[in-house]
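Working notes, structure below.
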Amino acid sequence: MKTVWILALDGVMDSSLAITLDVLRAAQSFAARSKAATPFEYRVLSSRAQLRTGCGLKLRSDGTFRQALSSDALPHWVVVPALGEYGSQLAAHLSRPDAVQAQRLLRSLHARKVRIGASCAAVFVLAEAGLLAGHEVTTTWWLAAQFRARFPDLRLDERRMVVRDGHLLTAGSAFSQLDLMLAVLTDLVGVRVADLCARYLLIDRRPSQARYMVASHLRSHDAAVATAERWIDDHLAEPITVRALSKAVAMSEKTFSRKVQAAIGMSPVKLIQRRRLMMATHLIETSKASIEEVAARVGYRDSTTLRRLIRRDLGTSPTGLR
């Protein structure tokens, strides 16, 4: 029988753990009624016999990380629910005993090609364990700057909700655990059961985090990037060149490009494009302006380019934003 191990660190986000358990439990019920779906079981593992969630709930686990490490049994999937931590608290947790034990277990399972999934701050645990080198990953958009600062060599795309690369699966914010679990179920019990779970639990498919990014949050990480973003926003309807933008922040184009890439993981051209797309999304969602009018207000000569970018980066159409 296939098995899913849920690695719950101390301080696990209650909602993320609950989502994982509820989706798996629903899938078990649907799989039991389907002749085509293979039955499966799941176990919650922690560093001790009893784990404490982020909200202070005490739960008895089905086993410990050490026991799993010494066992010959291999799960079909390992899922690491989100942690409710960020900043210095998250950084400190990565070297705590429970996180170190989890990383040791993850490295062992990764070496044996076990499928592993994590969302939000739990993606930091996979990165700290050394599992993500050479892989494309995502995490929640508002932890992207902290992730890049700690793991500058990893390929992060925080716009995407779920990224599958080989036998690794990463997801964005804590509630994207839903999206991650649907991807796990598709592999575990098939598309039909995964779709049933999505319909019965009213889970919407959201391919991108880009539309949820808060502009003011992004400005707080780097002074030069913040200045550039304000300048772009003030000149959205005008033609904007990297040369003009570099001049506005009193840097050479080369220095400015390095600064932007290091701070937010994209080129100045992509930064300009993202600012335009974020404003366009805001205008589409909050006004009755036509797509052509919105395109003109954010600096595009026609709506075709804007429609293409919305489709590519947000996974929807302008109409779908309204």
* All but one of (1) modelled with pLDDT of 85 or more; (2) not in a helix (DSSP H, G or I) hold for Leu309; which doesn't? -> (2)
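Name the one entry in Gly134, Gly117, Gly56 that is buried (at least 22 other Cβ atoms within 10 Å of the Cβ) and not in a helix (DSSP H, G or I).
Values: Gly134 fails: buried (at least 22 other Cβ atoms within 10 Å of the Cβ); Gly56 fails: buried (at least 22 other Cβ atoms within 10 Å of the Cβ).
Exactly one residue qualifies, and that residue is Gly117.
Which residue, of Ala91, Ala82, Ala32, is in the same structural domain as Ala133 (by TED's automatic domain parsing), surrounded by 22 or more Cβ atoms within 10 Å (Cβ to Cβ) and either out of contact with any Gly (no Cβ under 9 Å at 6 or more places or on another chain) or within 25 Å of Thr186 (Cα to Cα) (or both)?
Step by step, each of Ala91, Ala82, Ala32 is checked, and only Ala82 is in the same structural domain as Ala133 (by TED's automatic domain parsing), surrounded by 22 or more Cβ atoms within 10 Å (Cβ to Cβ) and either out of contact with any Gly (no Cβ under 9 Å at 6 or more places or on another chain) or within 25 Å of Thr186 (Cα to Cα) (or both).
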* Asked: Can you tell which of Ala32, Ala8 is over 23 Å from the mean Cα position of the chain (by Cα), among the aliphatic types (A, V, I, L, M) and either more than 23 Å from Gln103 (Cα to Cα) or at pLDDT 95 or above (or both)?
  -> Ala32
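What residue, among those in the stretch 137-185 that are charged (D, E, K, R) and part of a helix (DSSP H, G or I), is farthest from the chain's Cα centre (by Cα)? Talk me through it step by step, then tell me what you get.
First, the residues of the stretch 137-185 that are charged (D, E, K, R): 148, 150, 153, 155, 157-160, 164-165, 179.
Keeping just the survivors that are part of a helix (DSSP H, G or I) gives 148, 150, 179.
Values: Arg148: 13, Arg150: 16, Asp179: 10 Å.
Filtering first and then ranking leaves Arg150.
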* To do: Quick one: Thr38 ticks every box in (1) surrounded by fewer than 13 Cβ atoms within 10 Å (Cβ to Cβ); (2) in contact (Cβ under 8 Å) with a residue 24 or more places away in the chain; (3) over 25 Å from the mean Cα position of the chain (by Cα) except a single one, so which number is it?
  => (1)
* Do we have any residue at all in the stretch 152-164 that's in contact with a His (Cβ under 9 Å, 6 or more places away or on another chain) and surrounded by 20 or more Cβ atoms within 10 Å (Cβ to Cβ)? -> yes
* To do: Return the residue satisfying two criteria in turn: it lies in the stretch 286-299 and is assigned to a loop (DSSP other than H, G, I, E, B) and of a type in the set (A, V, I, L, M), and of such residues it is modelled with the highest pLDDT.
  => Val298
* Just wondering, is there one or more residues in the stretch 233-242 that are modelled with pLDDT of 85 or more, buried (at least 16 other Cβ atoms within 10 Å of the Cβ) and assigned to a helix (DSSP H, G or I)? -> yes
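Let's see how each residue does on (1) in a helix (DSSP H, G or I); (2) touching a residue at least 24 places away in the same chain (Cβ under 8 Å); (3) under 30 Å from Ala149 (Cα atoms):
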position	(1), (2), (3)
Ala262	yes, yes, yes
Leu271	yes, yes, yes
Met279	yes, yes, yes
Arg301	no, no, no
Thr305	yes, no, no
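Just need a number here: residues in the stretch 78-104 that are free of Cβ contacts under 8 Å to residues at least 24 places away in the same chain and either of a type in the set (A, V, I, L, M) or in contact with a strand residue (DSSP E or B) (Cβ under 6 Å, 6 or more places away or on another chain) (or both).
Step one: of the stretch 78-104, the residues free of Cβ contacts under 8 Å to residues at least 24 places away in the same chain are 88-89, 92, 95, 100.
Within this subset, residues satisfying the condition of being either of a type in the set (A, V, I, L, M) or in contact with a strand residue (DSSP E or B) (Cβ under 6 Å, 6 or more places away or on another chain) (or both) are 92, 100.
Qualifying residue count for the region: 2.
Residue-by-condition table, conditions (1) in contact with a helix residue (DSSP H, G or I) (Cβ under 7 Å, 6 or more places away or on another chain); (2) modelled with pLDDT under 90; (3) basic (Lys, Arg):
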{"site": "Glu158", "(1), (2), (3)": "yes, yes, no"}
{"site": "Met161", "(1), (2), (3)": "yes, yes, no"}
{"site": "Arg164", "(1), (2), (3)": "yes, no, yes"}
{"site": "His167", "(1), (2), (3)": "no, no, no"}
{"site": "Ser176", "(1), (2), (3)": "no, yes, no"}
{"site": "Leu185", "(1), (2), (3)": "yes, no, no"}
{"site": "Leu188", "(1), (2), (3)": "no, no, no"}
{"site": "Arg192", "(1), (2), (3)": "no, yes, yes"}
{"site": "Cys197", "(1), (2), (3)": "yes, yes, no"}
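The values are calculated or read from the model by the stated rules, or taken from the named source; none is laboratory data. Worth saying up front: this structure is predicted, and the values here are computed from it rather than measured. Here the Cβ is made from the backbone with ideal geometry for all residues, glycine too, and neighbour counts use every protein chain on show.
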